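**Q** Please read through the structure below; I'll follow up with questions.
Bear in mind these aren't lab numbers, they're just calculated from the coordinates by the rules spelled out. Note that the coordinates shown come from a computational prediction; the quantities given were computed from them, not determined experimentally. Positions of Cβ are generated from backbone atoms using ideal geometry, with glycine treated the same way; all protein chains shown enter the neighbour counts.
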Amino acid sequence: MKRAILISILLVLFAQPALAQDIDATFHRATITNAVEDSTDTELITIQAELADEKRGIELTIPRPALTSEDVAELQPGKQIIVIRSGLDGVERFTLHDIYRLDAIFWLFIGFVIITITIIGRQGIFSLVGLGITLIILVGLVAPLILKGYNPLLVSFLGALVIAGISILVAHGIKKRTLLALLSTVLTLGVSLILALGAVSFANLLGLGSEEAAFLKIQINPLIDVRGILLGAIIIGALGVLDDVTTAQTATVEEIHKANTKLGFHSLISRGMSVGREHIISLVNTLVLAYVGAAFPIFLLLTTASPEPLWVTLNAEFVSEELVRMLVGSLSLVLAVPISTIIAAWQYTK
């Protein structure tokens, strides 16, 4: 959907620590203690700050060309930042790395948890537990295995199966409806795997359509199969929408069956698909908007005047990857409805 969640986690958890080791540097949180004057007379901007872990003042010097006027406006007293401490010839040096944002993200997450539990109730807790398990599997299992050189597609597919099994059962409970939805999800994931393999091969995609993929191959592990990472990202992205479709469609068929137990196999499929079509219409639109939002810079690039013809821009790998990702995900979503409907109708009428 967006740049693959897996790639982001890899860069954050593995790439930066490796970088820190290479340059013998450490990362620290600090708070700016003085205002930054936006003077154009100097080539350097000096910032005074206090380290959070050592409670002592430090001084940062930033080249002016590295900052815009908006950046300077952000660097005001009280603003928390991340600095890199490095040493050269016994001289300690601090450089600005980024603005510290984790506190804001933490409170946004707390708000998300409170609202989710308030609206959904106890089931919301199980849903959040399933989310936590998903992240643990991605960070603790999928990412390390890929970094060690294992086949990214195989690892991602097996990881998706594990995530589907655990998260669906935890979030929705162990019952007949959930097991049928899980079976539908697994079957649709298999179809998604075939679609992804065919689409990537047919479109001649190499997996190097993003800077992150190139960074992983060049800086992290030259043996990493970036094409396999692209395929794995498509599978994991497809799983994100399949859970919703298969559980909702299975529940729909079950409720129709409860309302009229005399309905036969074909009648259940017909009525279930009637609801499923409406579900597809809304979700396909939602999925496309999600892809556009995640790759919004690419979308803006397509709408700007360029010396290249539009067809040349669309042909570029970084654009083609997003289009294939969107089409395979949408097609998997559409196929999940009849698959889950047929399985549920067969089980409730056999």
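**Q** For the chain, what ratio Rg/Rh do Cα atoms give with a Kirkwood hydrodynamic radius?
**A** My calculation puts Rg/Rh at 1.06.
**Q** How high is the relative contact order of the chain, given as a whole-number percent (alpha carbon pairs under 8 Å, six or more residues apart)?
**A** Relative CO of the chain lands at 18 percent.
**Q** If you don't mind, another one. Just to be sure I follow: if Rg is taken over the C-alpha atoms of the range 84-162 and Rh is the Kirkwood radius over the same atoms, what is Rg/Rh?
**A** Ratio of gyration radius to Kirkwood radius: 1.20.
**Q** Using mean Cβ contacts within 10 Å as the protection proxy, how do 325-338, 156-169 order, highest first?
**A** Highest to lowest by the protection proxy: 325-338, 156-169.
**Q** Once phi is turned into θ = phi - 60°, what whole-Hz ³J(HN,Hα) does the Karplus curve with 6.51, -1.76 and 1.60 give for every residue of the range 219-224, x standing for Gly and Pro?
**A** For the range 219-224, the Karplus-derived couplings read 9, 8, 7, x, 8, 5 Hz, x marking Gly and Pro.
**Q** Please arrange W311, W107, W346 by how many other C-beta atoms lie within 10 Å of their C-beta, fewest to most.
**A** Ranking W311, W107, W346 by Cβ neighbours within 10 Å, fewest first, gives W311, W107, W346.
**Q** Which helices count as membrane-span-like in the chain under these terms: full DSSP H, at least 15 Å along the axis by C-alpha, Kyte-Doolittle mean of 1.0 or more?
**A** Membrane-span-like by this criterion, though nothing is claimed about a membrane: 102-120, 122-137, 152-172, 176-202, 317-349.
**Q** Could you put V129, V324, V312, V142 in order, starting from the residue whose Cβ has the fewest other Cβ atoms within 10 Å?
**A** V312, V129, V324, V142
**Q** Report the convex hull volume per residue for the range 93-251, counting only C-alpha atoms, in Å³.
**A** It comes to 144 Å³ per residue, whole-number rounded.
**Q** Simple spin-label model, 7 Å along Cα-to-Cβ: L327 to L208 in nm?
**A** Taking the simple label geometry, L327 and L208 are separated by 2.3 nm.
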